[in-house]
1. For the range 179-192, state whether one or more residues are surrounded by fewer than 17 Cβ atoms within 10 Å (Cβ to Cβ), in a loop (DSSP other than H, G, I, E, B), in contact (Cβ under 8 Å) with a residue 40 or more places away in the chain and small (Gly, Ala, Ser).
2. Looking only at residues that are touching a residue at least 60 places away in the same chain (Cβ under 8 Å), in contact with a helix residue (DSSP H, G or I) (Cβ under 9 Å, 6 or more places away or on another chain) and crowded, with 16+ Cβ neighbours inside 10 Å in the range 149-177, which one is farthest from residue 196 (Cα to Cα)?
3. Hey, among the residues in the range 40-55 that are surrounded by 19 or more Cβ atoms within 10 Å (Cβ to Cβ), assigned to a helix (DSSP H, G or I) and at pLDDT 85 or above, which one's farthest from the chain's Cα centre (by Cα)?
4. List every residue pair whose Cβ atoms lie under 7 Å apart, where the two residues are 6 or more positions apart in sequence or sit on different chains, the first residue falls within the range 46-69 and is more than 18 Å from residue 92 (Cα to Cα) and without any contact (Cβ under 8 Å) to a residue 24 or more places away in the chain, and the second residue, located anywhere, is part of a helix (DSSP H, G or I) and not charged (D, E, K, R).
5. Across the range 64-75, what is the total count of residues that are at pLDDT below 95 and buried (at least 17 other Cβ atoms within 10 Å of the Cβ)?
6. If you take the residues of the range 1-39 that are at pLDDT 90 or above and among the aliphatic types (A, V, I, L, M), which of them is nearest to residue 224 (Cα to Cα)?
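The values are calculated or read from the model by the stated rules, or taken from the named source; none is laboratory data. Predicted model, so just to flag it, every value in this text is computed and none were measured. As a convention, Cβ positions derive from the backbone with ideal geometry for all residues, glycine included, and neighbour counts pool all protein chains shown.
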Amino acid sequence: MNNKKNQLFVEGRNDQRIFEKLLHDTDINNVVDVLPPSQGEKDNKIGDGVNNLIKILPVMIKSLEAGNRLAIVVDADYFDEISNKKGSFLKRREEICEIISRNGYIVPEYSPSSKMKGEIFPHKDNEIPPIGLWIMPNHCDDGMMEDLIFDCINPENGAAKILSKHIEPAIDKLLSDAEISSYFFNKEKHLNKVKLETWVFWQNGEKSMGGKFGKKGLFNMEHENIKNLKDWLKRVFVDDYGIED
């Protein structure tokens, strides 16, 4: 499993690398393990993804040792009209919070004031540290991590020009063709993800968002989106729990 005291539970390896970078920048990487489901389950017989995260979350909570802190980061995703599968923000929060509350944590009604702040849920036993939750992209709207990160691309970096001059026009042209676009992704839901991953793949070196995220100059690490994530991480893992009334 791991040797560190605290755990940040994420959906997959890409998310793992991104949050390892964020934790490193906040100087708390040495006390927090970032774990996707495949690494959180001791027998390693489970894959990654939000469904597997939710599946083993009760085990992760119960396995926490005294004083350990836990935080969870998942995508809100979207409502899927075809499969009638609900994956929107409020549904995702309901799924996670139902598990959390069953284990003795106090879960209030959602407040819009949590947007871009995340949440921290105290335990009924004050001796047990609370659990943190951030639902991507901004703990309010439907979407995914790529929606939050897309806005953080550094416009001053030369690689950003590839995105604006070549990738975005090419994708827009394809989507404007009704015959072609009928085979493609959902523009309203996944456009930022497609643009971001295409942009990453066109560059030399790492071909994953997790690998590119830490490269100097590609992203504005002082962007408000990133600052807010770091603030939440510090409130969960460093501050005196940082619970707001």
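1. Taking every residue of the range 179-192 in turn, none turns out to be surrounded by fewer than 17 Cβ atoms within 10 Å (Cβ to Cβ), in a loop (DSSP other than H, G, I, E, B), in contact (Cβ under 8 Å) with a residue 40 or more places away in the chain and small (Gly, Ala, Ser).
2. Step by step, filter the range 149-177, then rank; the result is 154.
3. Filtering the range 40-55 for residues that are surrounded by 19 or more Cβ atoms within 10 Å (Cβ to Cβ), assigned to a helix (DSSP H, G or I) and at pLDDT 85 or above, the one farthest from the chain's Cα centre (by Cα) comes out as 53.
4. Within 7 Å, the pairs are 46/37; 46/38; 46/52; 46/56; 47/37; 47/38.
5. 2
6. So, considering only residues that are at pLDDT 90 or above and among the aliphatic types (A, V, I, L, M), the one nearest to residue 224 (Cα to Cα) is 22.
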